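The values are calculated or read from the model by the stated rules, or taken from the named source; none is laboratory data. Because the structure is a prediction, the values reported are computed rather than measured. Methodologically, a virtual Cβ is constructed for each residue, glycine included, from the backbone with ideal geometry; neighbour enumeration extends over all protein chains shown. Heavy atoms of the whole protein, side chains included, go into the accessibility calculation; ligands, DNA and RNA do not. Shrake-Rupley method; radii C 1.70, N 1.55, O 1.52, S 1.80 Å.
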Amino acid sequence: QVQLVESGGGLVQPGGSLRLSCAASGIIFGIYTMGWYRQAPGKQRDLVATITTTGNTNYADSVKGRFTISRDNAKNTVYLQMNSLKPEDTGVYYCNADYFRTYWGQGTLVTVSE
């Protein structure tokens with residue numbers, strides 16, 4: 001049974017930081033491209049960042065220079081370090097694992113507000 005469990009979301013003020021984690025089980029973690037997506041209220045789910053098996057990263061233009069995705073294959077975990085958060089970063093953040101099949105976590109809510 002594949003599970004992707006996100007954690008680390010919460011309420012933060014603009015300019016603050018959060019670190020999201022996604023722990024994977026039931027997959028051979030090292031062969032999957034891992035990613036973070038977010039869905040703002042009333043909008044579609046959009047790509048935030050991805051990291052390949054070799055560590056190559058890709059970011060949405062809106063988060064470049066502020067967010068960093070990383071992975072620890074020994075812990076089957078992918079992280080998203082989010083700095084200089086803005087209100088428009090608010091949304092549910094979903095972890096994604098992609099190889100021949102795609103798996104999704106349940107999401108963790110990030111709210112950036114005063």
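Quick notes on this structure:
- Accessible surface, per residue, of the chain when the full set of protein chains is kept, probe 1.4 Å, Å²: 54 Å²
- Solvent-accessible area, 1.4 Å probe, carbon plus sulfur percent, for the chain: 47 percent
- Diffusion coefficient (Stokes-Einstein, Kirkwood radius over C-alpha pairs, 10 °C, 1.306 mPa s) for the chain: 114 µm²/s, rounded to a whole number.
- Annotation: lysines with alpha-carbon distance below 25 angstrom to Lys75 (same-chain offsets under eight excluded): none found.
- Ratio of the Cα radius of gyration of the stretch 71-114 to 2.2 N^0.38 Å, where N counts its residues: 1.40
- Using a Förster distance of 30 Å, the FRET efficiency for Asp61-Val2 (Cβ separation, nearest 0.05): 0.50
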